[in-house]
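The values are calculated or read from the model by the stated rules, or taken from the named source; none is laboratory data. These numbers come from a predicted model, not from an experiment. Here the Cβ positions follow ideal geometry from the backbone for every residue, glycine too, while neighbour counts run over all protein chains shown. Accessible surface is based on the protein model in full, side chains and every heavy atom, while ligands, DNA and RNA are left aside. Shrake-Rupley method; radii C 1.70, N 1.55, O 1.52, S 1.80 Å.
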Amino acid sequence: MQLQDSPDGAGGNMNRRLGGLAGALVLAAVSTTAGCFARYSPCPGEGHRPDGLVGRDLAGTYRDAAERSVTLKGDGTFTTAGWPTDLEGAKGPPEQRDGSGTWELTSADSAAYPLSLTFHTISDYGNSREEGGYYGTGLYVDGSRQAPRLYEYRGDPDLCDVNRFERAN
């Protein structure tokens, strides 16, 4: 159904207003949902998992710019100093936090973190030292098999705030 122009031309103005409103709504819907599906380009500092990467390639100590560290041992255990920093409910400053647990390199086709970390203890986090309890997180891996690098996103990955851990040894 099409509106007929009234003798004074008001119907044509209404069609143009409705068309403009519909166009604006479509544009708003497309622009707000497009950001939720995928980023159009990788973040600076973000890389791809090295081809052929195996667990023993990752053994070593990694430090970020703030000197927080993650040490991955060849037996599948790890220790941390000053990390993780984003624990809700943790007491004390993150830079004094230490933790330990087990790590695993996930399969290359997994949707999970490439490096899966399961904390068994974290200082100042609940009663984990006495009662156990687990906290799981992970890191992404890029670089090469000979010189792997670990990284995480701080907050929303679409904001590209990347924290990188470089191998120290």
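In table form, for the structure just shown:
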read-out	value
Test result for CYS36, at pLDDT below 90, surrounded by 15 or more Cβ atoms within 10 Å (Cβ to Cβ) and among the hydrophobic types (A, V, I, L, M, F, W, C)	no
Any hit, region 40-56, residues being of a type in the set (Gly, Ala, Ser) and either modelled with pLDDT under 55 or within 22 Å of TYR125 (Cβ to Cβ) (or both)	no
Contacts under 6 angstrom Cβ, first residue in region 146-160 being in contact (Cβ under 8 Å) with a residue 60 or more places away in the chain, partner among the aromatic types (Phe, Trp, Tyr) and in a strand (DSSP E or B), 6 or more apart	LEU150/TYR62; LEU150/PHE165; TYR151/TYR140
Members of region 90-110 found to be closer than 15 Å to LEU58 by Cα and open to solvent by less than 40 Å² (accessible area, probe 1.4 Å), listed by number	TRP103, LEU105, THR106
Residue within region 58-69 that is in contact with a helix residue (DSSP H, G or I) (Cβ under 8 Å, 6 or more places away or on another chain) and more than 21 Å from ARG164 (Cβ to Cβ) present	no
Residue among TYR140, TYR62 that is open to solvent by 50 Å² or more (accessible area, probe 1.4 Å), touching a Lys or Arg at 6+ places or on another chain (Cβ under 8 Å), aromatic (Phe, Trp, Tyr) and assigned to a strand (DSSP E or B)	TYR140
Selection from region 109-144 of residues that are among the small types (Gly, Ala, Ser) and modelled with pLDDT of 90 or more	SER116, GLY138, GLY143, SER144
In region 76-89, the residues that are in contact with a strand residue (DSSP E or B) (Cβ under 9 Å, 6 or more places away or on another chain) and open to solvent by 30 Å² or more (accessible area, probe 1.4 Å)	THR77, THR79, ALA81, THR85, ASP86
Check on ARG154, basic (Lys, Arg) and touching a helix residue (DSSP H, G or I) at 6+ places or on another chain (Cβ under 8 Å)	no
Residues within region 111-125 that are buried (at least 18 other Cβ atoms within 10 Å of the Cβ) and among the aliphatic types (A, V, I, L, M), tallied	3
